[in-house]
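The values are calculated or read from the model by the stated rules, or taken from the named source; none is laboratory data. This is a predicted model, so every value here is computed, not measured. Because the Cβ atoms are built from the backbone with ideal geometry, glycine has one as well, and the counts that use them run over all protein chains shown. In case anyone asks, the SASA skips ligands and DNA or RNA and just uses the protein heavy atoms, side chains included. Shrake-Rupley method; radii C 1.70, N 1.55, O 1.52, S 1.80 Å.
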Amino acid sequence: MNIDELKSVAEAIVARQKGILAADESNPTIKKRFAPINVESTEENRRRYRELLFTAEGIERHISGVILYDETIRQSSKHGIPFPQVLSERGIIPGIKVDKGAKPLALQPGNKITEGLDGLRDRLAEYKQLGAKFAKWRAVMEIDEQSLPSAYAIRANCHALARYAALCQEAGLVPIVEPEVLMDGAHDIGRCESITSAMLETLFGELDAHGVVFEGILLKPNMVVPGKKCALQVSSQQVAEATIRCLRRYVPTAVPGVVFLSGGQNPEEATDNLNAMNIMRGNCPWQLSFSYGRALQEPVLAAWKGEEKNVTEAQRAFSKRCQLNGLAREGLYNRSMEDS
C-alpha cells in the first residue's frame, strides 16, 4: 500500500470546484432511468449514453472523477478507446462500483445488508488493471420514525464497509465509503441526524479497527434531511447546519473530503444544499464536494431522449449542471443561475 499515492488521488478527487459524476447505475437501475424517455436499455444504448456524458465539452473543469459500472469500465468509445482511457486523457480519474447491491438482512425485518465481499480482492486487482484508481461501496439504511434501522444492521453494514475499504487500500485503490441513510419515509430531520450520527460513529470505529488509513479514503454520506413524506420540510440552511454539525462530531480531520450523494433530491435541491454547506463551512477540515448521479443526469436524459440529433443539447445540459455544482463547491451558486 502506497499511502502517499492514495492520499494524492483522494485529494485530486476533491480538488476545488470539482466533484464526482456517479455513472455507476446497475443495468436494472439505468433501465428505470431510460423508461420515461422511451429508450430501450440495450448494451449499445447504455454505451452511447455514457459516451455522451464522458465526452461533453469542458466537464473536466468541474468533474474530477467518474464512478463506472462493471459493464461500463469494459466498454469503449465509438472510436474504440476504452472509457477509462477517455476519462484519463481529460484529466478525469476513473473509479468503479464494487458492491453487489443491498439484500434483506437475515432475521432483521426491514433492514438490509450490502453484499459483494466474496472474491472482492481479485476483482479489485482486475479493475486496477482496467484503469480504476478508486472504488465505491454503498451501504443502505432504511429508516422510519422508531425502529429502523436496527443497531445490528448499522454494525453489520459498517463492518462490511471497513472490510471493503481495507481491501481497496491493500490493492492501491482509494475507497469511497458510502453509508446512505435513505430519505424515503416520514421521519423528520432530527431522526435523520440521529441515525446518520450512529452510522458515522460506528463506521469510523470499524475503519480504525481494520487499519484503514483515513488520509486515503473519501466519505460519501447522505445529507441530513427530513424524509420525503415528512410534513415538516426544511430550508437548505437548516440542512447545512444539521449536516455540518453531524460531520464535525464524527468524521476525523484526517479524511480529505466528503462527497455527498444526492439521495433522490432534484438537481436544484442538491446544488442548493451543497452551496449552503460551503457558505457556512468555516474552518471545516475536509473539502465538501459532490458525488451525484441523478442530480447531474436528470436534465441530460430529458434532453437526449435516445436521439443522436439531441446529443449536443444533452451535453450542454450536463456541462451546465457540472458548472453549477462547481460553483456550489465554493458557495457561489444561486437559483437565478438556473435560468441563465
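Here are the numbers for the structure shown:
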item	result
Output for region 214-233, where each listed residue is surrounded by fewer than 21 Cβ atoms within 10 Å (Cβ to Cβ) and under 20 Å from SER289 (Cα atoms)	PHE214, GLU215
Selection status of ALA102, surrounded by 23 or more Cβ atoms within 10 Å (Cβ to Cβ), within 15 Å of LYS136 (Cα to Cα) and in contact (Cβ under 8 Å) with a residue 24 or more places away in the chain	no
Considering residues of region 160-173 that are touching a strand residue (DSSP E or B) at 6+ places or on another chain (Cβ under 7 Å) and surrounded by fewer than 24 Cβ atoms within 10 Å (Cβ to Cβ) only, the residue farthest from THR243 (Cα to Cα)	GLN169
Complete set of residues in region 200-219 that are in a helix (DSSP H, G or I) and under 14 Å from LEU247 (Cα atoms)	LEU200, GLU201, THR202, LEU203, PHE204
Which listed residue, of VAL239, VAL311, VAL255, is under 21 Å from the mean Cα position of the chain (by Cα), at pLDDT 95 or above and either among the charged types (D, E, K, R) or within 30 Å of ASP339 (Cβ to Cβ) (or both)	VAL239
Criterion (open to solvent by less than 10 Å² (accessible area, probe 1.4 Å) and either in contact with a Cys (Cβ under 6 Å, 6 or more places away or on another chain) or among the small types (Gly, Ala, Ser) (or both)) met by exactly one of ILE96, ILE63	ILE63
Some residue of region 16-24 being buried (at least 17 other Cβ atoms within 10 Å of the Cβ), touching a His at 6+ places or on another chain (Cβ under 7 Å) and of a type in the set (Lys, Arg)	yes
Checking HIS79 against (1) open to solvent by 40 Å² or more (accessible area, probe 1.4 Å); (2) more than 15 Å from ALA156 (Cβ to Cβ); (3) in contact (Cβ under 8 Å) with a residue 24 or more places away in the chain; (4) out of contact with any Ser or Thr (no Cβ under 8 Å at 6 or more places or on another chain), the condition it does not meet	(3)
Residue count for region 174-183, restricted to those that are closer than 15 Å to GLN265 by Cα and either modelled with pLDDT of 95 or more or crowded, with 24+ Cβ neighbours inside 10 Å (or both)	3
Long-range neighbours under 7 Å by Cβ, at least six apart or interchain, first residue on the phi > 0 side of the Ramachandran plot within region 58-72, second open to solvent by 20 Å² or more (accessible area, probe 1.4 Å)	GLY58/SER319
Output for region 184-197, where each listed residue is touching an Asp or Glu at 6+ places or on another chain (Cβ under 9 Å) and open to solvent by less than 10 Å² (accessible area, probe 1.4 Å)	HIS187
Breaking point among (1) within 30 Å of LEU6 (Cα to Cα); (2) open to solvent by less than 10 Å² (accessible area, probe 1.4 Å), for ASN283	(2)
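Yes or no, residue by residue, for (1) outside any helix (DSSP H, G or I); (2) farther than 22 Å from SER150 by Cα; (3) at pLDDT below 95:
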| site | (1), (2), (3) |
| --- | --- |
| GLY185 | yes, no, yes |
| CYS192 | no, no, no |
| ALA198 | no, no, no |
| ASN222 | yes, no, no |
| GLN233 | yes, yes, no |
| LEU247 | no, no, no |
| VAL259 | yes, yes, no |
| ARG281 | yes, yes, yes |
